[in-house]
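The values are calculated or read from the model by the stated rules, or taken from the named source; none is laboratory data. This one's a predicted model, so the numbers in the text were calculated from it and none came from an experiment. Here the Cβ positions follow ideal geometry from the backbone for every residue, glycine too, while neighbour counts run over all protein chains shown. Ligands, DNA and RNA are excluded from the accessible area calculation, which covers all protein heavy atoms including side chains. Shrake-Rupley method; radii C 1.70, N 1.55, O 1.52, S 1.80 Å.
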Amino acid sequence: MKSLFDKFRKKPEAEPAAFTGAPAPEQQKPARGLNIRVLVMPLLITGVAVLVAAAAVTYFQFALQGQERRDAQIHGRADRIADHLAGRLRGYTDVIAASGRSPAVAAAMTANDPIALEEHAARLRELFPSLLRVRFIAHGDERLDENAVPPLSYACLELARAAEGGQEPPIEAHLYGTKVQHIDMLRAVTGPQGIVGSLLVTLDVAVLREWLLPLLPADGGYVELRQGGDGKHLMLAAVGDAGLQGTPATYSVPLDGTAWSLIYWAPATLPAVSMAQQTAFLTVFGVALVVMLVAFVLFTTVAGRIVRGDLVAVVKQAVEMWSGRRQHNFDVRLAESLEVLTALEQHLATTQPPKQVHPDAAKAAAMQQDNGIIVDEPPEGEDMPSSLLFMSQESMQVEELGPPGINQNRNDTKDKT
């Protein structure tokens, strides 16, 4: 506001200190007070805080939705792997069950014909090259065969008892961790008189990893196939990045028809919010922040110029009103400035009386003698009218004057106006 009173600063009448020899007074810089930007700064801080809070809440919701999509994608991957693996195992059990319903197999078991049973076992080996052994267990047979490879254990007999009871025994891995670990699939053999025995098919555990490997997603991850619960389980097969085991398991899917579950760890390259989504999010709120800052600078600059111009106009017009020059309109832009000038005008109109006219009698007599002008003075004690514009018609007299000789004959002739 340095130039606010530059137009009204009077030049000093005395000579400058350089010519008078007096030391120049030391000018003190005015203390810098508030300005428009300082006053509006709380609004900017509030706006930025609200914008940041909105960005944080939006990003949280965005990330939450992204996490939900990521979880759905992970679950979908694990479900596809589990369904594909369970479908392949189901294909084995369906073939085994179809063989158990064959009348020829039932007749061979009823007659205890080893040659016919071996022919049926050979056909199953042709269908499934990965088979280790095919056994036919008679109804109620409790004999073990521990010398065979793989051996016939109590776990296998439990599956046979379940099949004889009309159930579909689950696929299980037996003797895991030993040299003779294997997978047992068992279905009942049904004849005309009912269940006559069980058909047991044994597979190598290593075949599970061969089946899982092509099912792993292209972007990686880690898959484990387990038997048992979380507290105590057997890991039958594992494929993928084993380093992901240090992170919490992403998803667990039980395999239908088995005693197994599939555990899937998603790769680290599968974030909840992708890099492109993060870039778009930051761009939107970054542009909003820049627009807010630019708008603040422009607003404070324009507002400062308007206020500065109005202050100059208010001071100028106030000085003019104080000196007696009336203002018909005020050259200001702000409504507040207009209110200040209007209030000042009303205040001056009520506190400053109109100037009084005091005629000089001696001057009036001299004017009458010199020019023949007649001045009627009011009686003493009676005030003169403040202005001719506000004088009533009955209080003003005008007399026409002719040449000096004629004026004496017409002294009584007056025209009242």
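Using a 1.4 Å probe on the protein heavy atoms, what percent of the accessible area of segment 31-92 belongs to carbon and sulfur? Don't skip to the end; give the middle numbers.
Working: 2610 of 3980 Å².
Answer for segment 31-92 is 66 percent, counting heavy atoms of protein chains only.
At a 10 angstrom cut-off on C-beta neighbours, averaged per residue, how do the peptides 127-139, 57-69 rank from highest to lowest? Let's see the in-between values first.
Working: 127-139: 16.8, 57-69: 13.2.
Per-residue Cβ counts within 10 Å, averaged per peptide and sorted highest first, yield 127-139, 57-69.
Enter the accessible area of Arg80 (Å², nearest 10), with the probe set to 1.4 Å and all protein chains included.
My reading of the accessible area for Arg80 is about 150 Å².
May I ask you to evaluate 6.51 cos²θ - 1.76 cosθ + 1.60, the Karplus curve with θ = phi - 60°, for each residue of segment 165-180 and list the ³J(HN,Hα) values in order in whole Hz, giving x for glycine and proline?
x, x, 9, 9, x, x, 6, 9, 9, 10, 6, 6, x, 10, 5, 10
Could you do me a favour and compute the accessible area per residue for segment 125-196, 1.4 Å probe, result in Å²?
Values: 4000 Å² over 72 residues.
I get 56 Å² per residue for this part.
Using C-alpha positions alone, give me the convex hull volume of segment 183-321 per residue in cubic angstrom. Numbers along the way, then the final one.
On the way: hull volume 33.3 nm³, N = 139.
It comes to 240 Å³ per residue, whole-number rounded.
Roughly how many percent of the accessible protein surface of segment 124-261 is carbon and sulfur, given a 1.4 Å probe and a whole-percent answer?
Working: 3580 of 6950 Å².
Of the solvent-accessible surface of segment 124-261, carbon and sulfur hold 51 percent.
Ala107: net charge of surrounding residues, Cβ under 14 Å, Lys/Arg +1, Asp/Glu -1, itself excluded? Mind dumping the intermediate values first?
Values: positive: Arg101; negative: Asp113, Glu119.
Net local charge, Ala107 excluded: -1.
With every protein chain in place, what's the accessible area of Trp322 (1.4 Å probe, Å², nearest 10)?
Per-residue accessible area (Trp322): approximately 150 Å².
Solvent-accessible area of Thr300, probe 1.4 Å, all protein chains present, reported in Å² to the nearest ten, please.
Spelled out: Thr300, probe radius 1.4 Å, area about 10 Å².
Quick one: order Arg161, Arg308 from most to least accessible surface, probe 1.4 Å.
Details: Arg161 65, Arg308 100 Å².
Putting Arg161, Arg308 in descending order of accessible area: Arg308, Arg161.
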